[in-house]
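J.: Attaching a single structure in structure tokens format; questions to follow.
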Amino acid sequence: MMKTILSLIVMLVCAHLPFTAIASNSAIEKCATNECEHWFSEYKRKSREGYADAMEMLGTFYHVGYGTEIDKEQALRWYKRSSKYFSVAGSYKAGLFYLTEADYVDLEKGVSYLKKAARKNHPEASYLLGMIFSQDELGPHDYDEADKWLSKAFVTSHQQVKSYTNYLKSQNVLTADHFPQLAELAREYEQTVLVSNTNDKVKAEVKDDVKEVTASTTLVANIDSENSPENKGTTIAKTEFPDDEMEVIEVTPLTLVQLFEADFAFFETFMAEKRDAQARKGLYRRPCSATVSCSEASADDFTRMVNNLASGALRGN
């Protein structure tokens, strides 16, 4: 039974999630070099200091074997710890772990962690939840939940949600009754695309008209100039208008080392989430007897003190 559930989950995930979401650790691969071991040690140190992002990355290192041996138990442990201290990526990875790792499959826990990530606007988590609740492979569908999470994925611009929306539409499922929010978002998007395409068509037609007018004007100007006595035998320079005036900007992605260095720059600047949470907990729960500049008094004593102060102020003391 468990193998059947796992097969259905993997099939569902692979069918609709982009590859980068399925193998969210794909940029980080198994590695046993001295440099990889160095970064593993550094992230482990920062994880122990309480940085949630370091915990999430340490979980990834254990998951894929980067600078250490693969240890899925430790990977899950650090994903969950990072989620505890508010790492959105950690929550998502913990959820995906529970849905895709054969020895750890737990649909309830997986959905719980995905919801935690989706509430913080993680688009992949929202999208996966929407798929789970919109289909019957893992139990009876729940269109209310599916509408909620797919709409959230739509708003956060998930790259696959529009295709999945079209799929639901082709199955005659995307109706105002089943998916009120998503259907409205899809309708607004289609109108936007229609207007955009119309504007592009108008711009193209205007550009062609301008080119024709420019060419005609240039031809007349050249004939008049060439026929004038001052310009006999003179070559007239012509301005060429490029067909494509779009500027192309190439963006080079950061290397892994650059990403790691950016993480550590953050760690050196901000307090660790675990320490911050402990400080807040201590601030609200520390007893008065353990706090500087604090004293305790009964309600009667406090009232008497206030009345004495007030009477003294009235007498001018």
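J.: Pairs needed: first member in the stretch 173-191, of a type in the set (Gly, Ala, Ser); second member anywhere, in a loop (DSSP other than H, G, I, E, B) and open to solvent by less than 100 Å² (accessible area, probe 1.4 Å); C-beta distance under 7 Å; at least 6 residues apart or different chains.
T.: Ala183/Leu174; Ala183/Thr175; Ala183/Ala176; Ala186/Leu174
J.: Now, a different point. How many residues are among the aromatic types (Phe, Trp, Tyr) and open to solvent by 40 Å² or more (accessible area, probe 1.4 Å) if we restrict to the stretch 63-89? Explain how you work it out, then say what you get.
T.: Step one: list which residues in the stretch 63-89 are among the aromatic types (Phe, Trp, Tyr), which gives 66, 78-79, 85-86.
Right, trim to open to solvent by 40 Å² or more (accessible area, probe 1.4 Å) and you get 86.
Number of matching residues: 1.
J.: Looking for something free of Cβ contacts under 8 Å to residues at least 60 places away in the same chain, of a type in the set (Asp, Glu), crowded, with 19+ Cβ neighbours inside 10 Å and in a helix (DSSP H, G or I) - is there at least one such residue anywhere in the stretch 140-154? Before the answer, list the steps.
T.: At the first step, the residues of the stretch 140-154 found to be free of Cβ contacts under 8 Å to residues at least 60 places away in the same chain are 140-154.
Keeping just the survivors that are of a type in the set (Asp, Glu) gives 142, 144-145, 147.
Cutting the leftovers down to crowded, with 19+ Cβ neighbours inside 10 Å gives us 147.
The next check asks that each one be in a helix (DSSP H, G or I); those that pass are 147.
Within the stretch 140-154 (the criterion being free of Cβ contacts under 8 Å to residues at least 60 places away in the same chain, of a type in the set (Asp, Glu), crowded, with 19+ Cβ neighbours inside 10 Å and in a helix (DSSP H, G or I)), the answer is yes, since at least one residue qualifies.
The values are calculated or read from the model by the stated rules, or taken from the named source; none is laboratory data. Fair warning: this is a prediction, and the values are worked out from it, not measured in the lab. Heads up, the Cβs are rebuilt from the backbone with ideal geometry, glycines too, and the neighbour counts pull from every protein chain shown. All accessible areas refer to the heavy atoms of the entire protein, side chains included, with ligands and DNA or RNA removed. Shrake-Rupley method; radii C 1.70, N 1.55, O 1.52, S 1.80 Å.
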